[in-house]
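Working notes for the structure below.
Throughout, read-outs are computed from the coordinates displayed, never taken from laboratory work. Given the structure is predicted, the values throughout are model-derived calculations rather than measurements. Note that each Cβ is placed from the backbone with ideal geometry, even for glycine, and that neighbours are counted across all protein chains shown.
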Amino acid sequence: MGNRFQVLDRFADGAQFIGGQSGPGSSGRTQRIVDPASGDTVHRYGLAGPADVDAAVAAARAALPGWAGASPAERSAALHRFAAVLAERAGDFARVESLQCGKPIKLCTEFDVPGTIDNTAFFAGAARHLQGQAAGEYSGDHTSYVRREPIGVIGSIAPWNYPLQMAAWKILPAIAAGNTVVLKPAEITPLTSLMFARAATDAGIPAGVVNVVSGAGREAGEHLVGHPDVAMVSFTGSTAVGKRVAALATASVKRLHLELGGKAPFVVFDDADPEAAVQGAVAGALINSGQDCTAATRVYVQRPLYERLREGIADTMAGVRLGDPFDPATDLGPLVSHAQRDRVAGFVDRARAYATVVTGGEAPKNDGAYYLPTLIADAPQNSEIVRSEIFGPVLAILPFDSDDEGIALANDTPYGLAASAWTRDVFRAGRATRDIRAGCVWINDHIPIISEMPHGGFGASGFGKDMSSYSFEEYTQVKHVMFDNTAVAAKDWHRTVFGDR
Ligand SMILES: NC(=O)C1=CN([C@@H]2O[C@H](COP(=O)(O)OP(=O)(O)OC[C@H]3O[C@@H](n4cnc5c(N)ncnc54)[C@H](O)[C@@H]3O)[C@@H](O)[C@H]2O)C=CC1
Ligand SMILES: CCCCCC(=O)O
């Protein structure tokens with residue numbers, strides 16, 4: 001197994017990171033890590049079971065008083081050191097992320113790892129801006145003020161599409177606010193999450209603040225969600241599993257953050273720059289091989305530009321370089337697994353009965369989980385290919401006539417995570433950003449994200465925000481403090497917030 005896999009030797013002592021120590025899982029079952037580019041098994045580890053989850057929650061609970069009791073400045077300094085350690089190890093993170101996900105090394109080097117480091121630096125700064133509310137005498141001789149406090153032990157569950165960044169999005173705001181975390185990564189891609197937790201410890205963040213249990217969703221995941229000592233659950237993944245997680249978390253009255261599926265529309269008005277829209281649609285659809293909940297999946301084109309876009313997107317997709325993820329020239333790697341590739345292929349094969357596969361629509365004949373960039377035309381608005389989350393390099397293109405029809409088609413979905421509109425008319429852009437129901441609306445672009453801005457959706461895409469100060473506050477609870485300045489016990493106990501009766 002060539003030297004690219006030697007980087008996996010570091011995981012020999014197990015895929016659990018509990019109380020600052022690596023170790024094996026105790027479920028008695030093992031999980032393979034498969035190289036998506038070749039189909040070869042490159043690593044195997046012992047899955048975590050309920051006992052490992054219990055140990056991780058206990059470690060997080062033990063670390064909580066010290067970490068919550070640290071000053072914001074102390075937490076901030078630790079997170080700045082954390083960012084520095086991540087930067088020192090950037091190359092290893094990129095190689096391991098590419099290996100376990102099949103992502104092009106270019107994407108890991110230019111997006112996944114720098115984004116994680118920037119997130120860390122952002123929350124290092126945010127840690128010192130825990131905003132309460134100013135004091136005020138709102139009731140007689142009483143002074144009120146509001147405190148923001150950490151919630152406690154956070155149970156987080158992450159998907160396989162961006163293992164490192166999703167670990168960062170869940171761990172960083174939580175620990176910046178003084179919480180401690182137990183993260184369960186997706187069982188097929190746990191490795192960079194383990195490295196992230198190890199880097200936190202090596203940066204001086206106390207043992208037990210960040211813990212990782214690599215286990216199966218139904219077993220380790222549900223045990224974590226239902227654990228009585230977990231105060232909040234943060235989940236990113238499919239809407240179907242998100243509903244199960246929400247029911248379990250609500251049963252034990254836990255705070256909840258859900259970042260679920262998406263089906264982003266890409267609306268091209270007839271005054272748009274057609275070449276920019278072509279390039280934007282291909283880039284937006286093929287980011288991370290389409291395994292991105294904000295990826296462009298439905299291109300609606302106002303009729304005068306429809307043929308131009310259909311031809312331009314098909315030609316551009318046909319020129320995309322599929323290859324070895326470790327080759328810097330590769331634009332598109334394999335999907336995360338053969339199972340995901342087959343799931344995507346199933347959507348396209350079923351669409352052949354009711355739509356036109358303009359380009360792509362097949363898996364290149366090799367051992368990897370590759371699937372060609374695919375454009376599908378003539379599909380009805382209510383068809384599976386237009387309504388379901390496919391999570392692969394598949395784009396549907398449909399025409400529209402009036403501006404209102406374009407917006408209505410974009411909104412014709414239970415999801416509401418992200419969208420884009422393409423126009424040179426400021427009034428069209430204003431109406432599109434007002435009327436499209438999505439947590440993020442791009443104008444003349446699709447995909448860029450930054451640490452300062454909230455990421456999260458509406459409807460079937462879930463609720464809560466990642467990144468930004470919105471996410472930071474989400475991992476706090478608000479306390480009202482009121483002083484009686486008379487130092488005399490209240491005589492009339494029936495008095496209310498509206499002062500003396
Ligand atoms: N919105 C997003 O960012 C993502 C959406 N998806 C969608 O979900 C589909 C399936 O992808 P998966 O990663 O398999 O998503 P998934 O939702 O099945 O898994 C996401 C995470 O939840 C865990 N999990 C699974 N069942 C669980 C349960 N009953 N209780 C607690 N945790 C559980 C998994 O182990 C993983 O860590 C994708 O094809 C895509 O459509 C997947 C990943 C990310
Ligand atoms: C790092 C970019 C994440 C995009 C949202 C998602 O697929 O979870």
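Only Lys, Arg, Asp and Glu carry charge here, each on its Cβ (+1 for the first two, -1 for the last two); on that basis the chain has a dipole of about 1100 debye about its Cα centre. Axis angle, to the nearest 10 degrees, between helix 426-435 and the longest C-alpha principal axis of the chain: 60 degrees.
Quick check: the angle from helix 303-318's long axis to the longest principal axis of the chain, C-alpha only, nearest 10 degrees? The answer is roughly 90 degrees.
Using +1 at the C-beta of Lys and Arg and -1 at the C-beta of Asp and Glu, which of V278, S420, M317 has the Cα lying farthest in the positive direction of the dipole of segment 265-443? The one lying farthest along the dipole's positive direction is S420.
Does segment 401-446 come out rounded, prolate or oblate, given a ≥ b ≥ c as the square roots of the eigenvalues of its C-alpha gyration tensor, rounded meaning a/c under 1.5 and, failing that, prolate meaning a/b above b/c? All intermediate terms of the calculation are to be shown ahead of the outcome.
Numbers: a/c = 1.97, a/b = 1.21, b/c = 1.63.
Oblate is the answer for segment 401-446, as a/c is 1.5 or above yet b/c matches or exceeds a/b.
For segment 1-130, what does the alpha-carbon gyration tensor say about shape, rounded, prolate or oblate, given a ≥ b ≥ c as the root eigenvalues, a/c under 1.5 as rounded, and a/b over b/c as prolate? In terms of gyration-tensor shape, oblate.
Its Cα centre serving as origin, segment 265-443 has a Cβ charge dipole (Lys and Arg +1, Asp and Glu -1) of approximately 300 debye.
Contact order, relative form, for segment 265-443: 28 percent (alpha carbon pairs under 8 Å, 6 or more residues apart, mean separation divided by residue count). Taking chymotrypsin sites (Phe, Trp or Tyr not before Pro) across segment 114-178, the ones in a DSSP loop with at most 16 further Cβ atoms lying within 10 angstrom of their Cβ are Y138. For the chain, relative contact order (Cα pairs under 8 Å, six or more residues apart, normalised by length) works out to 18 percent. Expressed to the nearest 5 percent, the antiparallel share of DSSP beta bridges inside the chain is 40 percent. Relative contact order, whole percent, for segment 143-234 stands at 37, derived from Cα pairs under 8 Å and 6 or more residues apart. Taking Cβ atoms as reference points and 11 Å as the exclusive limit, the residues near R431 contribute a net charge of -2, counting Lys and Arg as +1 and Asp and Glu as -1. Of all beta bridges that DSSP places with both ends in segment 265-443, some 10 percent have antiparallel geometry. Once the Cα atoms are used to define both axes, helix 239-251 deviates from the longest principal axis of the chain by about 10 degrees.
Using the Karplus relation 6.51 cos²θ - 1.76 cosθ + 1.60 with θ = phi - 60°, the per-residue 3J(HN,Hα) values for segment 36-46 come to x, 6, 10, x, 7, 6, 10, 6, 9, 9, x Hz, with x marking Gly and Pro. Expressed as a fraction of 2.2 N^0.38 Å, the C-alpha radius of gyration for the chain is 1.04.
Around the amide H of Y300, modelled in the peptide plane, lie the amide H atoms of F266, V267, V268, L398, all under 5 Å away and 5 or more residues distant in sequence or on another chain. Histogrammed with a bin width of 5 Å, the alpha carbon distances of segment 265-443 distribute as 1, 9, 19, 22, 21, 14, 8, 4, 1, 0 percent, first bin at zero.
Could you compute the net charge surrounding H129? Neighbours are other residues with a C-beta less than 13 Å from the C-beta of H129; K and R count +1, D and E count -1.
My count for the surroundings of H129 gives +1.
Using Stokes-Einstein with the Kirkwood hydrodynamic radius over Cα pairs, what translational diffusion coefficient do you get for segment 51-110 at 10 °C and a viscosity of 1.306 mPa s, in µm²/s rounded to a whole number? Using the Kirkwood radius from Cα pairs, D works out to 112 µm²/s. Close amide H partners of Q477, meaning residues 5 or more places away or on another chain with modelled amide H under 5 Å apart, are E149, I151. For Y371, the residues whose amide H sits under 5 Å from its own are L335, ignoring neighbours fewer than 5 places away on the same chain, with H placed 1.01 Å from N.
Over segment 141-279, with a single point scatterer placed on each C-alpha, what log10 of the ratio I(q)/I(0) does the Debye formula yield at q = 0.09, 0.18, 0.21, 0.22 1/Å? Treating every Cα as an identical point scatterer, log10 I(q)/I(0) equals -0.36, -0.95, -1.22, -1.33. The distance linking segment 29-102 with segment 238-300 is 25 Å (Cα centroid to Cα centroid, whole angstrom).
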